[in-house]
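None of the figures in this text is laboratory data; all of them are computed from the coordinates on show. From a predicted model like this one, the values you see are computed outputs, not experimental measurements. Cβ placement follows ideal geometry from the backbone for every residue including glycine, while neighbour counts extend to all protein chains displayed.
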């Protein structure tokens with residue numbers, strides 16, 4: 001295995017992975033990639049519509065996308081919130097990226113998620129956002145190389161989190 005020079009951000013939908021990933025790209029040499037966009041492109045190539053994918057189709061396409069990402073270099077990767085459901089995918093990500101779990105208080109995440117409008121959540125049928133959060137949190141913690149806590153009450157919180165992530169990754173370099 002070569003040197004790891006990608007960053008994979010994971011966490012619950014609404015925690016700010018996209019926003020923080022873009023901040024990291026803006027203040028560093030990393031390029032931002034949103035895997036949901038890659039999944040949507042592949043779904044379209046298969047003649048499917050992203051928002052109409054079944055959980056099984058989404059997870060299959062997501063796995064395929066992540067298995068191909070190992071060739072990338074210098075990227076900050078915004079993973080979907082459901083990526084932690086597949087051990088093979090998480091092992092693959094750990095081979096080519098520093099895995100960072102971004103956490104925040106559930107009420108803050110839910111407010112942010114609700115403000116975005118309707119977004120599908122994998123494996124959510126019959127579950128509340130809170131139940132899904134409780135189910136996923138230990139999985140995020142299990143696979144994280146680093147855990148960064150947002151303090152959403154502070155100004156410039158996303159930039160501070162981005163800087164903290166870059167510092168953690170730099171400190172981990174050989």
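Numbers for the structure displayed
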quantity	calculated
Relative contact order computed over the chain (Cα-Cα under 8 Å; 6+ residues apart), in percent	34
Among 126-137, 10-21, the order from most to least packed when residues are scored by Cβ within 10 Å on average	10-21, 126-137
Helical contribution to [θ] at 222 nm, DSSP H n ≥ 4, -39,500 (n - 2.57), averaged over the chain, rounded to 500	-15500 deg cm²/dmol
Relative packing of peptides 159-171, 97-109 - highest average C-beta neighbours within 10 Å first	97-109, 159-171
For the range 7-172, fraction of C-alpha pairs farther apart than 23 Å, in %	36
Quarter of Cα convex hull surface for the range 1-60, i.e. mean projection, nm²	5.8
Highest average packing first - 82-94, 33-45, Cβ atoms within 10 Å	82-94, 33-45
